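Input: a single structure, listed below in structure tokens.
The values are calculated or read from the model by the stated rules, or taken from the named source; none is laboratory data. Please read all numbers here as calculations on a predicted model, not as lab measurements. A quick note on method: Cβ atoms are made from the backbone with ideal geometry, for glycine too, and the neighbour counts reach across all protein chains shown. Just so you know, the surface numbers come from the protein's heavy atoms only, side chains and all, with ligands and any DNA or RNA stripped out. Shrake-Rupley method; radii C 1.70, N 1.55, O 1.52, S 1.80 Å.
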Amino acid sequence: MSETSVEIEDVGGGEFERTPVPASRLKGWKSFLGMYAGEHAAGTEFMIGPLFLAAGASLKDLILGLFIGNILAILTWRYIVAPIAVSSKLTLYYQLEKIAGKHLVKVYNVVNGVLFCFLAGAMITVSASAVGIPFGVRFSVPENIFGLSSPAFSGIVIIVGLVMAIVAAAGYNTVSKFANIAAPWMIVVFAACGLSALSQMEVDSWKSLLTEWDKGISVVQSVNGKVDFGFWKIVIFAWLCNAAMHFGMSDLSIMRFAKDSRAGWGPSIGMFLGHYMAWICASFMLAAQIKLTGDISANPGALAWSVVGWTGIICVIVAGWTTANPTIYRAGLAFQSLFPANAKAYSGVILAGIVATVAGIFPTLSSKLLDFVGLYGTILGPMGGVIFVNHYLAKKMGFTQDYADEKGSSFNMAVLLAWVIPVALGLYFIFDKGVFPAYAVIPCWIASSVLYVLIMKLQKS
């Protein structure tokens, strides 16, 4: 991976936090390819891939649905995030502060940081699942979402989480270099895992693969009950599992270093190596495990161990590491605003590491990733709608652009209402009516955008 890829990761978190990126630090669009490959071909893939089979997705639907969904995600980065990032060259946090005010941004930062920590916690669980294999420690997934696994596994999670927090606190440059070096190797191992799993299933044709896949679904559903994860649900999930990054504009902080909007094509390699090839290969591992042992548990460490041995163990540890470390770092940046100005720069990261480690102790959280990433997008995505309206429509609709900055306000009530009302309704339908979380992302994003326009027009700002 190029040095520019490392630099983008490094400065995307910290430099020029309150000023536009200068022309001398801008990067060409190819510099973003390696960064996104490392970001999206990592630990989450070992968890999410097997969950598709466990959820009852047909293989045909999975292959076509992921293809279409990933194309939509790439187009969203390219045509929604990249143009705003290139135009303003500001971080998400400072962009929001100019619109919403510094006090409201602190509220957003806390919510953002906590959700980042839950994601990092799931990746700590992934790495711990591999660390435990040589010691005969495997985790079980309790029915209660806050249920614990064995004391031995909880201890491994605590050790892994603390090590990751210390490394993240030491500085993001080392973390990002490690991730970029590891990414190509991990991609090769993902492919090897898929090929080895096919060999274990004795698959010699498309028909035999479909047969083994359907048998795996039948075994899982005979234990867990029938679940339907159809074509359009796969499309929506693949499109919106990173909604906080694109619709929610979190990747403004990365793409602000781009010379032009072509940087929006950067996620393409991550989507099709990580969210396509790696997900499908990881799902084959569970199908192979079911055929050989009848075990339906989606334990990343055990799955990788069964198909490629020690290489798989190392890959799972590294994959969880390369996802959890930058996530802890970013959560730390969000939490840093809670500390006094003279506090150590790593204070927020240490807090994030502790929260993520606590989250990692509960294995059920990692088994709910299909729901969690949609919930994440539903909560954070609508703020991206506010940014979109502020950038494209404020002047055209006759209200103040960058309202808080222009008016000297520390708390823009219009932003709060435009964010909270749609999110509250979305969460109601998710938790009370059982709506698949990813389905709520775009309706909430659109509702927030419309609400912000209406409220700003009503108050004649």
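Here is how the numbers come out for the structure above:
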item	result
Segment ALA343-ILE181, length gained on full extension (0.36 nm per residue, minus Cα span)	55.1 nm
The chain - accessible surface per residue (Å², probe 1.4 Å)	38
Over the chain - Rg/Rh using Cα atoms and the Kirkwood inverse-distance radius	0.97
Cross-link pairs LYS30/LYS102; LYS27/LYS233; LYS102/LYS395; LYS30/LYS233 - those with Cα-Cα distance over 27 Å	LYS30/LYS102; LYS27/LYS233; LYS30/LYS233
Mean residue ellipticity (222 nm) of the chain, computed from DSSP H runs ≥ 4 via -39,500 (n - 2.57), nearest 500	-23000 deg cm²/dmol
Estimated dipole of region 63-169 in Debye, rounded to 20 [Cβ of Lys and Arg +1, of Asp and Glu -1, Cα centre]	360
Highest-first arrangement of 83-89, 420-426, where packing means the average Cβ count within 10 Å	83-89, 420-426
FRET efficiency estimate (nearest 0.05) - Cβ-Cβ, ILE421 to LYS396, R0 22 angstrom	0.40
Convex hull projection area averaged over all views, region 355-461, Cα basis, nm²	8.0
For the chain: relative contact order, % (alpha-carbon pairs under 8 angstrom, 6 or more apart)	33
Region 388-430 - Rg (one decimal) and Dmax (whole number), Cα, Å	12.8, 37
Cβ charges +1 (Lys, Arg) and -1 (Asp, Glu), total dipole of the chain, debye	1040
Per-pair calculated FRET efficiency, R0 = 51 Å: PHE231 and MET413 via Cβ, rounded to 0.05	0.75
Kirkwood-based shape ratio for region 276-324, expressed as Rg/Rh from alpha carbons	0.97
Compactness relative to 2.2 N^0.38 Å, alpha carbon Rg of region 204-362	1.32
Principal-axis tilt of helix 31-40 within the chain, Cα atoms, nearest 10 degrees	50
Cα-centre dipole for region 191-268 with unit charges at Cβ (Lys and Arg positive, Asp and Glu negative), debye to 20	320
Which listed pairs, of LYS89/LYS460; LYS407/LYS460; LYS60/LYS433, have C-alpha distances above 19 Å, in listed order	LYS89/LYS460; LYS60/LYS433
Packing-based order for 217-223, 202-208, 254-260, using average beta carbon neighbours within 10 Å, highest first	254-260, 217-223, 202-208
Using distinct alpha-carbon pairs, which all enter the 1/r mean, Kirkwood radius of region 39-119 in Å	15.9
Carbon + sulfur, % of accessible area of region 286-379 - ligands and nucleic acids excluded, 1.4 Å	68
Relative compactness, region 50-166, computed as alpha-carbon Rg over 2.2 N^0.38 Å	1.49
Using alpha-carbon coordinates, inclination of helix 3-13 to the longest axis of the chain, degrees	60
Quotient of Cα Rg and 2.2 N^0.38 Å for region 340-393, N being how many residues it contains	1.64
Principal-axis tilt of helix 172-200 within the chain, Cα atoms, nearest 10 degrees	40
Cα gyration tensor category, rounded, prolate or oblate, for region 91-153 with a/c compared to 1.5	prolate
Mean Cβ neighbour count within 10 Å, used as a protection proxy, ranking 394-407, 369-382 highest first	369-382, 394-407
Inter-label distance for ILE145 and LEU72, nm, one decimal - labels placed 7 Å from Cα along Cα-to-Cβ	2.5
Semi-axes of the equivalent ellipsoid for region 296-397, Cα gyration tensor, largest first, Å	34, 21, 13
Carbon plus sulfur fraction of accessible area for region 65-114, probe 1.4 Å, in percent	68
Potential extension, LEU454-LEU292 segment - 0.36 nm per residue separation minus Cα distance	52.4 nm
